[in-house]
1. Could you please report the charge total around V39, scoring K, R as +1 and D, E as -1 over all other residues with beta-carbon less than 12 angstrom from its beta-carbon?
2. Kyte-Doolittle cut-off 0.5, length cut-off 15 Å along the helix's own axis using Cα: show which whole DSSP H helices in the chain pass.
3. Can you give me the relative contact order of the chain as a percent, contacts being Cα pairs under 8 Å and 6 or more apart?
4. Provide the percentage of antiparallel DSSP beta bridges, counting only those with both residues in the chain; round to the nearest 5.
5. Limiting things to C-alpha atoms, what are the Rg and the maximum Cα-Cα separation (Dmax) for the range 127-203, in angstroms?
6. Would you work out which of F240, V7, L40 lies farthest towards the positive end of the dipole of the chain? Charges go on Cβ: Lys and Arg +1, Asp and Glu -1.
7. K67 to V39: FRET efficiency via 1/(1 + (r/R0)^6), r the Cβ-Cβ distance, R0 25 Å, to the nearest 0.05?
8. Just how far, in whole angstrom, is the range 53-119 from the range 1-41 if you go by their alpha carbon centroids?
Amino acid sequence: MKRIVTVQDISCLGKCSLTVALPVISAMGIETSIIPTAVLSAHTIFEGHTFRDLTNDIPKIDEHWKKEGFTFDAIYTGYLGSQKQIELMLDFFNDFKSENNFILVDPVMADGGELYDNFNSEFPSKMRMLCEKADVITPNLTEACLLTESEYKNKYDEKYIDDIIFKLSEIGAKNIVLKGIELNGRYGIICQSEKERRYITHEKLQGTFYGTGDIFASVLTGAMTRGESVFEAANTAADFTLECIKLTVKDEDSRFYGVNFEEALPLLTNKYIK
Ligand code: PXL
C-alpha cells in the first residue's frame, strides 16, 4: 500500500486540514501518516480559538522516522503554523525526498486578497522558499500574488494570469495548479506542467466553502500517488470538491464552516479501492 505523509494542523472542530486530509486520503486506499503542526480548538474563523504550537515536536518526529528508515510515496504540506515550521519542512524534505516520491506544497496562507490571521507579512517569502523545493504547488490567486509579489486583482484578463503563472514557474516548482480562476466567462483551475498548460473548467457555485482547498489538495496528492498525471489528478480533485459543495448546498442542515465531504467519500473508494 502506498503511504503519504501530510503536514498540517489539527483543527479539532472545523472540517479542514488534517480532519479532511486523513479521511480523504484513506478513502483512496492510501496509508496516511501525519505531522500535526498545531492543535486548535477550532478553525480560525471561530473567534477565541486556541492555538497550541507543535513546532518543537517536528524535529523529533523527523529524527525518529529517519532512524526507523520510513519512506513515503508523497510528502504533502498544508497549513504551517510559523516561519520556523517552514524551515523544519526544508530539513524534512532533505531527509525524506527521494527519486521515488514527490513533494506537494499547498501554500495555505491567504484568500480573498488577505493573509489569514496568525501570519505576518514576511510569511509569504518564507513560503516561497518551500515552494522552490516542490514538485507541485497549489496556490489560490491570493497566495499566487503573495508568492510572486504581484498585485491582487478581483477582475483581470488573460495577460494578468499569464504573468502570474510565468512568475510562479520562475519559483521552480515543476507543476503549478492555480485554483479559482475566472477567465472569459469560464471558471476553474489552471494546470501547468513543464510542457503543457490546461484550463480545467467547471461550473461556478456561489458562496464561500471553507476547507475545500484542503480537500482539493488531498485528492490531488492521493490521485498523483495513485499514478495519475497532474492533469488527470487535478480533474479528479476538482470533480470531487465540486460534488462536496453540491451536497452541502443541498443539505438544509449543512454547517457554515465546512462541506459535506463525508457523503462524497464513496466516489473515491469506488474509484480507487477494488
Ligand atoms: O483551510 C485552510 C486552513 C487550515 N487550517 C486552519 C485554517 C485554515 C484557513 O483559514 O485557519 C487552522
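1. -2
2. Span-like helices here: 212-225, 230-250.
3. 18 percent
4. 45 percent
5. 11.6, 34
6. My answer, from the dipole projection, is F240.
7. 0.50
8. Rounded to whole Å, the Cα centres lie 13 Å apart.
The values are calculated or read from the model by the stated rules, or taken from the named source; none is laboratory data. Bear in mind that the values here come from a model prediction, so they are computed numbers and not experimental data. Here Cβ is always computed from backbone atoms with ideal geometry, including for glycine, and neighbour counts include all displayed protein chains. Side chains included, ligands, DNA and RNA excluded: accessible areas come from the protein's heavy atoms. Shrake-Rupley method; radii C 1.70, N 1.55, O 1.52, S 1.80 Å.
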